[in-house]
Amino acid sequence: MQHNTYRPSSARASDDAREELCTAAQKVFGWDTLRPEQLDAMVPLLDGRDVLAVMATGSGKSAIYQVPSLLLPGVTVVVSPLIALQNDQIAGLDHSEAPEAVAINSRQRESENEANWRAVLEHDADYVFLAPEQLAKDEVLERLRSVEVSLLVVDEAHCVAMWGHDFRPEYLRLGDVAEALGRPPVVALTATASPPVREDIVEALRMRDPLVVAGGFDRPNLDIEVRRHTDDGEKRRAVVEAVASLPGPGILYAATRKDTERYADALRERGIDACPYHAGMRAAEREDVHLGFLDGRCDVVVATSAFGMGIDKPDVRFVVHASVPDSVDSYYQQIGRAGRDGEPATVLMFYRPEDLSLATFFTTHNPDEELIGRVFSAVRSASPMKLGRLRTELDVRGRRLSNAVNLLERCGALVSGRRGLSATDIPRRQAIEQARETAASGERLDRSRVEMMRGYAETRGCRRRFLLGYFGETSADPCGRCDTCRDGASDEVATVSVLPGTGAAQPDCETTEFIPNTRVVHTEWGPGVVMTCEHDRVTVLFDSEGYRTLSLAAVAESGVLTVDDDHLPDEASTAALPAHMEEPVA
């Protein structure tokens with residue numbers, strides 16, 4: 001990773017830009033102040049620089065593009081994965097002084113979409129919201145190319161990480177979209193992205209020398225607890241009892257669609273207005289539950305992970321997990337829905353080790369090798385080929401085709417460019433084999449994410465410290481606001497006597513901490529990055545093997561894990577940066 005600290009062209013220019021941004025925010029949106037981290041992300045955009053902002057839910061990420069857009073000449077294109085999210089953000093821009101914002105999506109009538117296009121093309125609308133699927137259409141890009149695009153905003157940018165918890169294949173096309181639109185500054189926004197996922201985002205979107213603004217992951221108003229059970233029936237009864245006793249409104253996450261129905265029925269029997277929510281329901285039904293929760297008609301939503309992005313409700317008093325989620329990323333995003341108003345809120349997870357087998361089952365990747373071969377052959381016979389033409393030729397729709405194409409791209413068999421997909425000069429059988437190996441690597445990573453959740457559930461250390469470490473932040477002391485702290489969590493600092501790049505620990509060696517985001521090398525598993533380190537163990541995300549947890553005592557004795565001295569944290573380069581700012585990802 002290259003370390004280049006962002007410096008404005010001059011202090012005077014930076015101060016002037018900040019003042020201009022604050023004035024615009026107050027005049028148009030009525031905001032008296034902007035947070036320092038918001039301004040740090042906004043100023044580079046005015047200079048044409050890419051920005052990746054990783055900030056907690058409710059921290060004002062949308063302002064990062066909304067305010068600079070007021071000072072830039074063209075239209076701002078916002079890529080948003082859900083129509084509900086688009087509607088929420090447009091509603092947030094519905095202000096007497098704010099420029100017009102429109103959406104183009106498949107849920108609207110054709111006449112409404114055409115009216116919105118006219119507003120964009122005639123410069124009456126400054127913000128246009130689209131799903132990534134819309135930007136895969138040539139006619140959409142042609143229309144956008146006819147206007148000046150000042151910013152390309154990628155909301156929920158973690159969806160671009162191929163093995164992330166909300167992966168959307170269509171997001172991988174957005175690097176091409178940026179080039180097709182004349183390469184405006186790219187703004188990537190997300191509330192949940194660990195350092196390795198940030199690197200995935202930067203690579204997939206082809207961001208150029210991006211400034212990374214990250215922080216605000218600590219939510220001190222959340223009381224965090226994990227309750228362990230061995231019997232499934234006992235756990236289910238405990239879940240219902242707990243939710244029934246908590247002041248609402250709240251969200252109960254369940255592992256399966258059937259469980260959402262069962263828990264909702266049980267809660268209604270207790271006199272609680274509970275509504276199930278899952279992807280198997282009709283869109284109108286899901287919309288009704290969503291709106292009912294926002295306006296107070298529904299006290300508790302019992303949902304699968306389908307109920308996540310787009311919940312803009314500040315007074316959620318609890319988030320309960322009836323089972324273990326599939327990753328720390330999913331878990332953190334879901335608990336981030338609680339207490340956005342800053343008032344105390346409860347975060348409670350019910351943990352039964354056997355439930356992890358279900359989460360592991362969902363990580364299984366079975367690539368369609370027959371389709372992968374057809375895709376590769378079709379592209380090789382007519383390179384470059386647009387995705388739409390490929391879809392027509394193979395008569396394959398939806399995620400099946402997207403997943404096959406993305407596997408072939410990920411393994412290097414296909415290359416995406418402005419003119420479409422091109423095949424590399426390898427045999428068809430080799431392309432299929434490389435895609436299979438890539439899928440297997442993804443499955444190992446996903447399964448290791450489940451094991452990371454086991455580590456979180458079973459940790460004897462501070463849970464808040466565990467979560468902060470996962471997202472690259474350090475916490476000097478236990479928080480005192482989680483169940484392990486109340487039970488006397490260990491507050492030892494995890495260290496091991498080992499020199500960078502050396503073998504086994506020696507008594508006279510310098511003591512080195514495996515701090516989060518440190519690059520390390522394992523003798524068998526190769527390079528990786530430290531995610532968390534507790535008093536007796538260190539968890540590393542290895543490039544090829546996913547997450548692995550190692551005993552610090554064993555590491556010190558065997559020397560299997562060493563610090564990569566070519567990627568040590570550069571104190572000199574980071575000392576001048578505020579806590580929420582990072583070096584660009586290269």
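General observations
- Test for V77: is it under 30 Å from G215 (Cβ atoms), under 28 Å from the mean Cα position of the chain (by Cα) and either crowded, with 17+ Cβ neighbours inside 10 Å or among the hydroxyl-bearing types (S, T, Y) (or both): yes
- Wholly enclosed helices (runs of 4 or more DSSP H) of the range 73-165 bearing at least 3 residues without any contact (Cβ under 8 Å) to a residue 24 or more places away in the chain: 110-121
- Residue count for the range 442-476 under the criterion of being among the aromatic types (F, W, Y) and more than 16 Å from V197 (Cα to Cα): the result is 2.
- Matching residues in the range 19-28 - criterion: being of a type outside the set (A, V, I, L, M) and either surrounded by 22 or more Cβ atoms within 10 Å (Cβ to Cβ) or closer than 20 Å to P184 by Cβ (or both): E20
Every residue, every condition in (1) closer than 26 Å to E203 by Cα; (2) among the aliphatic types (A, V, I, L, M); (3) buried (at least 18 other Cβ atoms within 10 Å of the Cβ), yes or no:
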residue: G30; (1), (2), (3): no, no, no
residue: M42; (1), (2), (3): yes, yes, yes
residue: G48; (1), (2), (3): yes, no, no
residue: L52; (1), (2), (3): yes, yes, yes
residue: T57; (1), (2), (3): yes, no, yes
residue: Y65; (1), (2), (3): yes, no, yes
residue: G92; (1), (2), (3): no, no, no
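- Residue under evaluation A306, criteria (1) within 29 Å of A161 (Cα to Cα); (2) over 15 Å from the mean Cα position of the chain (by Cα); (3) in a loop (DSSP other than H, G, I, E, B); (4) at pLDDT below 95, criterion not met: (2)
- Residues that are part of a strand (DSSP E or B) and either within 20 Å of G215 (Cβ to Cβ) or not aromatic (F, W, Y) (or both) within the range 332-352 comprise A345, T346, V347, L348, M349, listed in sequence order.
- If you filter the range 209-222 down to residues that are over 18 Å from G469 (Cα atoms) and surrounded by fewer than 21 Cβ atoms within 10 Å (Cβ to Cβ), you find that the one that is modelled with the highest pLDDT is N221.
- Residue that is within 24 Å of P196 (Cβ to Cβ), at pLDDT 50 or above and surrounded by 19 or more Cβ atoms within 10 Å (Cβ to Cβ), where the choices are T484, T539: T539
- Residue satisfying all of: in the range 387-416; of a type in the set (S, T, N, Q) and touching a helix residue (DSSP H, G or I) at 6+ places or on another chain (Cβ under 7 Å); farthest from E133 (Cα to Cα) among these: S416
- Meets criteria (touching a Leu at 6+ places or on another chain (Cβ under 8 Å) and either assigned to a helix (DSSP H, G or I) or within 13 Å of A56 (Cα to Cα) (or both)) for V213: yes
- Every residue from the range 124-147 that is within 29 Å of the chain's Cα centre (by Cα) and under 23 Å from L71 (Cα atoms): A125, D126, Y127, V128, F129, L130, L144, R145
- Screening T304 with (1) surrounded by 23 or more Cβ atoms within 10 Å (Cβ to Cβ); (2) under 17 Å from T260 (Cα atoms) gives one miss only, at (1).
- Output for the range 268-294, where each listed residue is touching a strand residue (DSSP E or B) at 6+ places or on another chain (Cβ under 9 Å), assigned to a helix (DSSP H, G or I) and over 22 Å from P344 (Cβ atoms): R268, E285, R286, D288, V289, H290, G292
- Residue ID - farthest from P220 (Cα to Cα), chosen from residues in the range 40-59 that are of a type in the set (G, A, S) and touching a helix residue (DSSP H, G or I) at 6+ places or on another chain (Cβ under 6 Å): A41
- Residue within the range 143-158 that is of a type in the set (D, E) and buried (at least 18 other Cβ atoms within 10 Å of the Cβ) present: yes
- Residue within the range 347-357 that is under 25 Å from D200 (Cα atoms) and either surrounded by fewer than 16 Cβ atoms within 10 Å (Cβ to Cβ) or out of contact with any Phe, Trp or Tyr (no Cβ under 6 Å at 6 or more places or on another chain) (or both) present: no
The values are calculated or read from the model by the stated rules, or taken from the named source; none is laboratory data. It should be emphasised that the depicted structure is a prediction, and the values quoted were computed from it without experimental measurement. Don't worry about glycine lacking a Cβ; one is built from the backbone with ideal geometry, like all the others, and counts go over all protein chains shown.
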